[in-house]
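**Q** Mind having a look at this structure? Questions to follow.
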Amino acid sequence: MIEIHQLVKRYGEKTAVDGLEFTVKPGVVTGFLGPNGAGKSTTMRMILGLDAPTSGSVTVNGRRYAQHAAPLQEVGALLEAKSIHPGRSAFNHLNALALTHGIGRTRVQEVIEMTGLAQVARKRAGAFSLGMGQRLGIAAALLGDPETVILDEPVNGLDPEGVLWIRNLLTGLAAQGRTVFVSSHLMSEMALTATNLIVVGRGRLLADTTIEQFIQAAGGHSVKVTTADAPRLRALLAASGVEITGVSGSEELTVTGLTARQIGAAAHKHGLPIYELTPQAVSLESAFMAMTEGAVEYHGTTTHQHAGSVAA
Ligand SMILES: Nc1ncnc2c1ncn2[C@@H]1O[C@H](COP(=O)(O)OP(=O)(O)OP(=O)(O)O)[C@@H](O)[C@H]1O
């Protein structure tokens, strides 16, 4: 559990974090979203005691980071800036970290296996690809078997296999009851992994919500249906909470409030042919951009698109 109260961080004139107040709960993945410069990394550094708050407080598992006797066993973190000696092997890097906390070699070997580094564990970390470096950073974060895991942009620069691996790892850690807090500036990626969402912009809290609520607020799930008899299907599906739109005379309808499965089953029951049944993804990226629009620090001058025109 991470608890943040009235957290403020100023660097001279610049207010990087401006009165944040939220709790990150165990057992689910919580996405930490915001445009560049929103204050995500600064907040994460304060959670980890790497930066001191100007005012306010932040605790992990009930205590400030510095008050934990063995912090690696409370909170494991992957921050963007890596500090791995390039000449050292992955095994030696992890072993050195383990020694500072009285963690045995068996656990070092375990995290190496868990992160898929077994083949390269004895190679120089300096020669690692970006993906391998991320895996090594995550292995270090998991070394102490921590209750809370914090990852800053873990999928940055990873190939699709690496992205999928991180997704499964995060949901697996949350399923074990851990607190998992992950920053990103991609809403569509977070929607596939996170259950809860904290959105910040210019250091302020913009939303403390769930992915599901965010999707509903963005227009909800809808299903595109093409059928031989659109008026008849409309009549079959009509119910409270169901919204159906479509152009008169067209075979195509858009339905919200029912799943593709429910629509298919209803049509089948009445012998109505269906030619297409496609769940439509709402443009989460557009909804996210609309939410953070006023909070973006640097707008591009030549490539600025209206938020509504960007697909997720
Ligand atoms: N050490 C520092 N000194 C001065 N300003 C800083 C410092 N660290 C961060 N900032 C400023 O604080 C603001 C928040 O930065 P931060 O890196 O926390 O944002 P972020 O949400 O992590 O952004 P990104 O997605 O680009 O990583 C930015 O305007 C940044 O320039």
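**Q** Provide, in order from the shortest bin, the percent of all Cα-Cα pairs of the range 198-286 in each 5 Å bin, continuing until the bin that contains the maximum pair distance.
**A** 3, 13, 23, 20, 13, 9, 7, 5, 4, 2, 1, 0
**Q** Then there is this: Please list, or write none, the lysines whose alpha carbon is within less than 23 Å of the alpha carbon of LYS224, excluding same-chain residues fewer than 8 places away.
**A** LYS269
**Q** Please list, or write none, the lysines whose alpha carbon is within less than 16 Å of the alpha carbon of LYS9, excluding same-chain residues fewer than 8 places away.
**A** Here the lysines satisfying the reach criterion relative to LYS9 are LYS40.
**Q** When the chain is fully extended, how far beyond the present Cα-Cα distance does SER248 get from GLU212, taking 0.36 nm per residue of separation?
**A** Contour length minus the Cα-Cα distance gives 9.8 nm.
**Q** In degrees, nearest 10, range 0 to 90: what is the angle between the Cα axis of helix 90-100 and the longest Cα principal axis of the chain?
**A** The angle comes out near 60 degrees.
**Q** Solvent-accessible area per residue for the range 38-151 at a 1.4 Å probe radius, Å²?
**A** Spelled out: the 1.4 Å probe surface of the range 38-151, per residue, equals 45 Å².
**Q** Related question: Enumerate the amide H contacts of VAL149 below 5 Å, restricted to partners 5 or more residues apart or on another chain; note that Pro and chain-start residues carry no placed amide H.
**A** GLY76, THR179, VAL180, PHE181
**Q** Here is a follow-up. Mind pulling the angle between the C-alpha long axis of helix 260-269 and the longest principal axis of the chain? Nearest 10 degrees, somewhere in 0 to 90.
**A** 30 degrees
**Q** Now a separate question. Which FRET efficiency value, to the nearest 0.05, is calculated for ARG232 and ASN36 with the Förster distance at 45 angstrom and r the Cβ-Cβ distance?
**A** The computed FRET efficiency comes out at 0.35.
**Q** Then there is this: Where does each of ILE166, ILE274 land when they are ordered by accessible area, with a 1.4 Å probe and the largest first?
**A** ILE274, ILE166
**Q** Roughly how large, in nm² to one decimal, is the mean projection of the convex hull of the alpha-carbon atoms in the chain?
**A** If I average the Cα hull's projected area over directions, I get 20.6 nm².
**Q** For every other residue with a beta carbon closer than 15 angstrom to the beta carbon of ILE4, add +1 if it is Lys or Arg and -1 if Asp or Glu, then tell me the sum.
**A** +2
**Q** Of all beta bridges DSSP finds with both residues in the chain, what is the antiparallel percent, to the nearest 5?
**A** Close to 65 percent.
**Q** Summing -39500 (n - 2.57) over the DSSP H runs of n ≥ 4 in the chain and dividing by its residue number, what mean residue ellipticity at 222 nm do you reach, to the nearest 500 deg cm²/dmol?
**A** So the calculated ellipticity at 222 nm is -9500 deg cm²/dmol.
**Q** Ok, one more. Which three lengths, in whole Å and largest first, does the range 1-121 cover when its Cα atoms are put on their principal axes?
**A** 46, 29, 26
**Q** Could you give the length gained by full extension between MET1 and GLN119, i.e. 0.36 nm per residue of separation minus their alpha carbon distance, to one decimal place?
**A** Gain in length upon complete extension: 39.0 nm.
**Q** Suppose accessible area is computed on protein heavy atoms with a 1.4 Å probe; arrange TYR275, TYR11 from highest to lowest.
**A** Final ranking, largest accessible area leading: TYR275, TYR11.
**Q** What angle, in degrees between 0 and 90 and rounded to the nearest 10, separates the Cα long axis of helix 105-114 from the longest principal axis of the Cα atoms of the chain?
**A** The angle comes out near 20 degrees.
**Q** Quick one: order ARG234, ARG63, ARG122 from most to least accessible surface, probe 1.4 Å.
**A** ARG122, ARG63, ARG234
**Q** Could you work out the local net charge near ALA52, counting Lys and Arg as +1, Asp and Glu as -1, over the other residues with Cβ closer than 12 Å to its Cβ?
**A** Neighbourhood net charge equals +3.
**Q** Find how many whole Å separate the alpha carbon centroid of the range 19-87 from the alpha carbon centroid of the range 96-125.
**A** Cα centroid to Cα centroid, the span is 23 Å.
The values are calculated or read from the model by the stated rules, or taken from the named source; none is laboratory data. This is a predicted model, so every value here is computed, not measured. A quick note on method: Cβ atoms are made from the backbone with ideal geometry, for glycine too, and the neighbour counts reach across all protein chains shown. Note: accessible area is taken over every heavy atom of the protein model, side chains too, but ligands, DNA and RNA are not part of it. Shrake-Rupley method; radii C 1.70, N 1.55, O 1.52, S 1.80 Å.
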